[in-house]
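One structure is given below, encoded as structure tokens.
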Amino acid sequence: MITKGEQITTDLNLTAEVCVIGSGAGGAVIAKELAEGGRDVVLLEQGGHYTKEDFTQREDEMMPLLYEDMGQRMTVDQSIVILQGRNVGGSTVHNLCYCFRTPQPILEKWKREDGLVDMSYEQMLPSFERVEKMLKVKEIPEEQVNKLNHKIREGCEKLGYHGLVSKHNRENCTTSGFCLLGCPFDAKQSMLITYVPAADKAGARIFANCPVEKIIAQAGRVRAVEGNVVDALHRPRRKFRVEAQLVVLSAGAINSPQILLKSAIANGSGQVGKNLHLHPSVLLAGVYDEEINGYTGIPQSYYVDEFINLEKNPDTGYILMPVYGFPVTTATQLPGFGREHSEIMRNFHRTVGILVLMHDQSAGRVEVDRNGKPRISYTVNAREQQLFVEGMRHCAEILFASGAKKVLAPYDNPLWLKPGDDLSAIDQRGLRPNEIPIASTHPQSTCKMGEDPRRSVVSSWCQSHDLKNLFLCDMGVFPSSLGAPPQITTASIADRTAHYIREQWAQLIA
Ligand SMILES: Cc1cc2nc3c(=O)[nH]c(=O)nc-3n(C[C@H](O)[C@H](O)[C@H](O)COP(=O)(O)OP(=O)(O)OC[C@H]3O[C@@H](n4cnc5c(N)ncnc54)[C@H](O)[C@@H]3O)c2cc1C
Ligand code: SF4
């Protein structure tokens, strides 16, 4: 059963074998697999339970409803916006459905540098296959590649750059283009309509509007989880406490370290909250004579991997991706005022966006401020600033090659380029914080896996080095930047962990 906060009229005191915190790509998979394995599971989610009827396709209504901090979660210097979901199903409810398995060279790197065991590509295969089957992962049909994506593909093909049409987790997609605001047709196979209902069916008790404040540990074991039941405006109304034999923390790479730091647990290594990678991204926009209408159709289907070669070098590189925005988001991201801004927006329907997404070694940190809120710091290092500049030049080339009449690099003081212009103008502007919008949809690595308890927070099986009955399972456990879209990796690591917990149950709770 899924219980909403408004249905809870007294303080809640529950007991369970397993308490899972967070219902996104990590938590929903854990809850389903453990409930199906016969465990008594309580799943706690801080956000609301919304369904297709709630997804109105309006930015002004959906951004506050579905996103952490209304879509305005920022680094402390306000230079990077970080988008994360806050609802049953987590960020999978409004993600863009690219589906990629964990790159093999990254798994090899994690084994080599962090000592991960039993996590080769072959050993991950059963988890990849189970997850892909649940999420109905398949190739995006050629006829569903929209014009925006086609333009980027055309530019790449003319320049000889490698790209591909990716796989996705959609079924009977109407190509409405509203993925970022929740799918009103239940076509997107997010956790909301796959793993969460399956966990429910298997008997998990699911509570929405229940943000966890603290995990209580005593005598080397986790004992309970506490927090407040909140209303639609996130104001505390009741209290809850769940006593559990085992806890799985899956609140995402920002909120999981926040909870651990507030609870003062599982940080013997001092690594909780460190090593934050963001896959930061910067966009360029090309304006064409013809209509593009990039906001209709599947938003992202083409994927440019010319500038990343993980086999050759698993530590660096960048991906180029199509990007589009709804009118208000676009207007806030674009520079200029008055007539200049209005001129850009007038070309909204003729615009193609493309972004550079960095496989970053730059590392930031999540701490908690005196109110217990996450304090996120992150600086793009000098080398990656250079790589961004190189990537932005490639974006401009691609847009011009497919017929853009002008290209905008959205610096505060906008840089407009025309066909034939010297692209070194981008080098001169560079990438300095707060001069150009930077965004992240993939925060990761803040509670990393590893076999050395001095350098990592959890083991190769996502088990806390400090507390035997505490597991972490979300993007925070990646030992380094993934260098690929992360939802399949997150869900597959969760699947693998759930099967480990199922097999080791007696020892884990002894
Ligand atoms: C706009 C966008 C587009 C994306 N596009 C893609 C894509 O195309 N392909 C891809 O592979 N990946 C994509 N991603 C990333 C993908 O969605 C994530 O990798 C994945 O959802 C991460 O899973 P997670 O479990 O770590 O976190 P989430 O899915 O974010 O789940 C964490 C959950 O924990 C809950 N929570 C947080 N704090 C608490 C608390 N205190 N108490 C209780 N619950 C709490 C949150 O509300 C949330 O529901 C995208 C992400 C975004 C935001
Ligand atoms: S494009 Fe497909 S998956 Fe996205 S919102 Fe529309 S129907 Fe749903």
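Quick look at the numbers
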quantity: Residue within region 236-259 that is in contact with a strand residue (DSSP E or B) (Cβ under 6 Å, 6 or more places away or on another chain), closer than 30 Å to Gly294 by Cα and either among the small types (Gly, Ala, Ser) or assigned by TED's automatic domain parsing to the domain that holds Thr92 (or both) present; calculated: no
quantity: Scan of region 186-219 for residues that are in a strand (DSSP E or B) and under 17 Å from Leu65 (Cβ atoms), ordered by number; calculated: Lys188
quantity: Single condition Asp200 does not satisfy, out of (1) under 23 Å from the mean Cα position of the chain (by Cα); (2) farther than 30 Å from Ala401 by Cβ; (3) of a type outside the set (Gly, Ala, Ser); (4) open to solvent by 10 Å² or more (accessible area, probe 1.4 Å); calculated: (1)
quantity: Flag for Ser166 being within 23 Å of Ala491 (Cβ to Cβ), assigned by TED's automatic domain parsing to the domain that holds Pro322 and in contact with a Cys (Cβ under 8 Å, 6 or more places away or on another chain); calculated: yes
quantity: Scope region 427-460; condition in a loop (DSSP other than H, G, I, E, B), open to solvent by 20 Å² or more (accessible area, probe 1.4 Å) and free of Cβ contacts under 8 Å to residues at least 40 places away in the same chain; matching residues; calculated: Glu435
quantity: Given (1) of a type in the set (Gly, Ala, Ser); (2) more than 13 Å from ligand 2 (Cβ to nearest atom); (3) more than 21 Å from Glu33 (Cα to Cα), index of the condition Ser176 fails; calculated: (2)
quantity: Test result for Glu291, away from ligand 1 (no atom under 12 Å from the Cβ), under 27 Å from Thr175 (Cα atoms), acidic (Asp, Glu) and touching a residue at least 40 places away in the same chain (Cβ under 8 Å); calculated: yes
quantity: Filter result (of a type in the set (A, V, I, L, M) and either part of a strand (DSSP E or B) or in contact with a Pro (Cβ under 8 Å, 6 or more places away or on another chain) (or both)) within region 393-426; calculated: Ala404, Val407, Leu408, Ala409, Leu415, Leu417
quantity: Scan of region 94-116 for residues that are among the aromatic types (Phe, Trp, Tyr) and more than 16 Å from ligand 2 (Cβ to nearest atom), ordered by number; calculated: Phe100, Trp110
quantity: Any hit, region 148-161, residues being among the aliphatic types (A, V, I, L, M), part of a helix (DSSP H, G or I), over 30 Å from Gly450 (Cβ atoms) and open to solvent by less than 50 Å² (accessible area, probe 1.4 Å); calculated: yes
quantity: Residue within region 84-93 that is in a helix (DSSP H, G or I), open to solvent by 20 Å² or more (accessible area, probe 1.4 Å) and either within 16 Å of ligand 2 (Cβ to nearest atom) or without any contact (Cβ under 8 Å) to a residue 60 or more places away in the chain (or both) present; calculated: yes
quantity: In region 331-341, residue farthest from Glu397 (Cα to Cα) [restricted to those that are open to solvent by 40 Å² or more (accessible area, probe 1.4 Å) and not basic (Lys, Arg)]; calculated: Gly338
quantity: Residue list for region 342-366, filter: assigned to a strand (DSSP E or B) and open to solvent by 60 Å² or more (accessible area, probe 1.4 Å); calculated: Arg365
quantity: Filter result (open to solvent by 30 Å² or more (accessible area, probe 1.4 Å) and part of a helix (DSSP H, G or I)) within region 162-185; calculated: Leu180
quantity: Selection count where residues are touching a Cys at 6+ places or on another chain (Cβ under 6 Å) and under 13 Å from Gln46 (Cβ atoms), scope region 241-255; calculated: 1
quantity: Region 32-68, residues that are surrounded by fewer than 16 Cβ atoms within 10 Å (Cβ to Cβ), away from ligand 2 (no atom under 16 Å from the Cβ) and outside any loop (DSSP other than H, G, I, E, B); calculated: Asp60, Pro64
quantity: Near pairs, Cβ below 6 angstrom, 6+ apart or cross-chain, from region 244-270 (over 17 Å from Pro453 (Cα atoms)) to any residue that is of a type in the set (Asp, Glu) and in a strand (DSSP E or B); calculated: Gln245/Glu17
quantity: Selection count where residues are farther than 20 Å from Gly160 by Cα, within 30 Å of the chain's Cα centre (by Cα) and surrounded by 15 or more Cβ atoms within 10 Å (Cβ to Cβ), scope region 390-426; calculated: 8
quantity: Residue within region 297-312 that is open to solvent by 20 Å² or more (accessible area, probe 1.4 Å), assigned to a loop (DSSP other than H, G, I, E, B), away from ligand 1 (no atom under 16 Å from the Cβ) and at pLDDT below 95 present; calculated: no
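The values are calculated or read from the model by the stated rules, or taken from the named source; none is laboratory data. Remember, predicted model here, so these are calculated numbers, not experimental data. Note that each Cβ is placed from the backbone with ideal geometry, even for glycine, and that neighbours are counted across all protein chains shown. Protein only, heavy atoms only, side chains kept; ligands, DNA and RNA dropped before computing areas. Shrake-Rupley method; radii C 1.70, N 1.55, O 1.52, S 1.80 Å.
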